[in-house]
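**Q** Can you read through this structure? Questions will come right after.
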Amino acid sequence: MKDNVVLYPSPGIGHLVSMVELGKLILKDYPSFSISILNTPRPYNTGSTTPYINHVSSTTPSINFHNLPAVPISPDSISSPHHEALLFEGLPLNNHNVHQVLLTISQTSNIRALIIDFFCTAALDVGASLDLPTYYFFTSGAACLAFFLYIPTIHSNTTKSFKDLDSNLHFPGIPPVHPLDVPKPMLDRADKAYEGFLDFCVRMPESKGIIVNTFEALEPTALKALSDGLCVLNRPTPPIYCIGPLITDRGGGDASATVDCLTWLDSQPKRSVVFLCFGSLGLFSAAQLKEIAIGLEKSGERFLWVVRNPPMEDKSWRNLAPPEPDLDALLPEGFLDRTKDRGLVVKLWAPQVEVLSRESVGGFVTHSGWNSVVEAICAGVPMVSWPLYAEQRLNRIFLVEEMKLSLSMDESEGGFVNADMVEKRVKELMGSEEGKALRERTLAMRDAAKAAMAEGGSSKVALAKLAELWSGS
Ligand code: UDP
């Protein structure tokens, strides 16, 4: 029977894509393994999962998908305003099904490891009951991991919620964190989402190891604090395996718009274009979109900008493809015409990995989702960090203060960024001495990333250690 590694991502295409990439990475170097992926449909599925699974199944037959029933919980039954609470509350209800599927898989292969993502913490119990070594795949960086592992210590040192604290918090291995830079669902102790995060932070050390999408040269300080055992108090820190950078090419987007935007980029001078793109979920208010447009226009720089509609009260379109933005209505009058010789606005989605690899792209204004950060580093493109949700405010701190690969898009009161700030940061990124220094550091980090993934590199070695642990021979 084949040695098998089971991957259990939480619902949502982003989580699934990251796990698939991990599976492909394992198979590339260790093709004798088979990979099983447990797929949980979201209660409000966006519909993009099925075609993606079909595509992976046909192109990588060693990856098998096993569909779990939908999480039996309705979004309306969750008291928290944060969708994370739905996952933390819903996924434990799937434990029985996970158990059953693992038993089925074990009839035809030797399961050597179960790898879960952080919303699936409850599955640690399933792993334990079947005596399976259970690992986390942590899809953000090591600094963020250090933050989470130390949360139980902070929790026990205060009775207050983060939202009620005002002085900087100190964590081993990372720069000081302002309480308001803590991910939003964790700000209020009374919130179910906070409970879920705390449970994950407390239980993560029960795992056999934590696989992280980073590489040693990118985050040495955080990794040292982790390996010195400073982040987990009163128990050992599980081994950390940095296997990145793992690039998740999401594809997607309209095919002809993709061709248009890459063709346009190829007609622009080297390193002249700033790319603005804000992850899979980043949305701005109508007023903020106008302000970005004014800032971009005043900067005089070339740009490629992915624009979406502002958030809508009515979430009924969530089951469908998001509606296309009406650019003429959203952007300042005449903006598209005045900037047509040096700017391109793309609706909804751009092929980010391909865009970043184009020679003409010289800077990236990003929401600082970890995949975007890793993709920018691999392409050697310096950033301006404009966090919007999840752990992105933490990532900004690490990028700006520790790694020094990014400028910060500073918000004014209420989180609004005015046009002057957009203009200033874009100009600094593309034209100043500081921007040049950022670019040089980013290029050096790109080379370090390549070295980590090359034969004998730190990430290759970490993956080899895992493969050795998992192989039955
Ligand atoms: N992405 C893309 N085009 C877009 C927006 C996003 O290809 O217009 C991809 C991007 O390359 C990255 C992923 O979507 O791989 C976003 O992941 P990230 O962790 O940066 O942010 P998230 O969407 O999870 O907030």
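The values are calculated or read from the model by the stated rules, or taken from the named source; none is laboratory data. The structure presented is a predicted model; accordingly, all values stated were derived computationally and were not measured. No Cβ is skipped: glycine too gets one built from the backbone with ideal geometry, and neighbour counts run over all protein chains shown. In case anyone asks, the SASA skips ligands and DNA or RNA and just uses the protein heavy atoms, side chains included. Shrake-Rupley method; radii C 1.70, N 1.55, O 1.52, S 1.80 Å.
**Q** Counting only protein heavy atoms, what percent of the accessible surface of the chain is carbon or sulfur at a 1.4 Å probe?
**A** The nonpolar share, carbon plus sulfur, comes to 52 percent.
**Q** Further question: Got a sec? Which residues in region 180-205 would a label at Lys160 touch, if it sits 7 Å along Cα→Cβ and we count backbone N under 18 Å?
**A** 180-184, 186-191
**Q** In region 205-353, what is the count of Lys pairs whose alpha carbons are under 17 Å apart, counting only pairs at least 8 residues apart or on separate chains?
**A** 4
**Q** Hey, what do the phi angles of region 62-75 turn into as Karplus ³J(HN,Hα) couplings, whole Hz, using 6.51/-1.76/1.60 and θ = phi - 60°, x for Gly and Pro?
**A** 6, 9, 10, 9, 10, 7, 8, x, 4, 4, x, 8, 9, x
**Q** OK, next. Hey, what do the phi angles of region 22-37 turn into as Karplus ³J(HN,Hα) couplings, whole Hz, using 6.51/-1.76/1.60 and θ = phi - 60°, x for Gly and Pro?
**A** Each residue of region 22-37 in turn: 5, x, 5, 4, 4, 5, 4, 8, 10, x, 6, 6, 10, 10, 10, 10 Hz.
**Q** Could you pull out every residue, at least 5 positions away or on a different chain, whose amide H is within less than 5 Å of the one on Ile240? Hs are placed 1.01 Å off N in the peptide plane, and Pro or chain starts have none.
**A** Correct list: Ile210.
**Q** Shifting gears a bit: When a/c reaches 1.5 or more, the comparison of a/b and b/c decides; with that in mind, is region 68-175 rounded, prolate or oblate per its Cα gyration tensor?
**A** Because a/c hits 1.5 or more and a/b fails to exceed b/c, region 68-175 counts as oblate.
**Q** Averaging over every viewing direction, what projected area does the convex hull of the Cα atoms of region 178-267 cover, in nm²?
**A** So the mean shadow area of the Cα hull is 10.0 nm².
**Q** Test of the criteria: in region 214-300, which chymotrypsin sites (Phe, Trp or Tyr not before Pro) are in a DSSP loop and have at most 11 other Cβ atoms within 10 angstrom of their Cβ?
**A** none
**Q** For a quick check of your reading of the filter: which trypsin sites (Lys or Arg not before Pro) in region 323-375 sit in a DSSP loop and have no more than 16 other Cβ atoms within 10 Å?
**A** Lys340, Arg342
**Q** Ok, one more. What do you get for chymotrypsin sites (Phe, Trp or Tyr not before Pro) in region 386-473 restricted to DSSP loop and a cutoff of at most 13 other Cβ within 10 Å of the site's Cβ?
**A** Phe416
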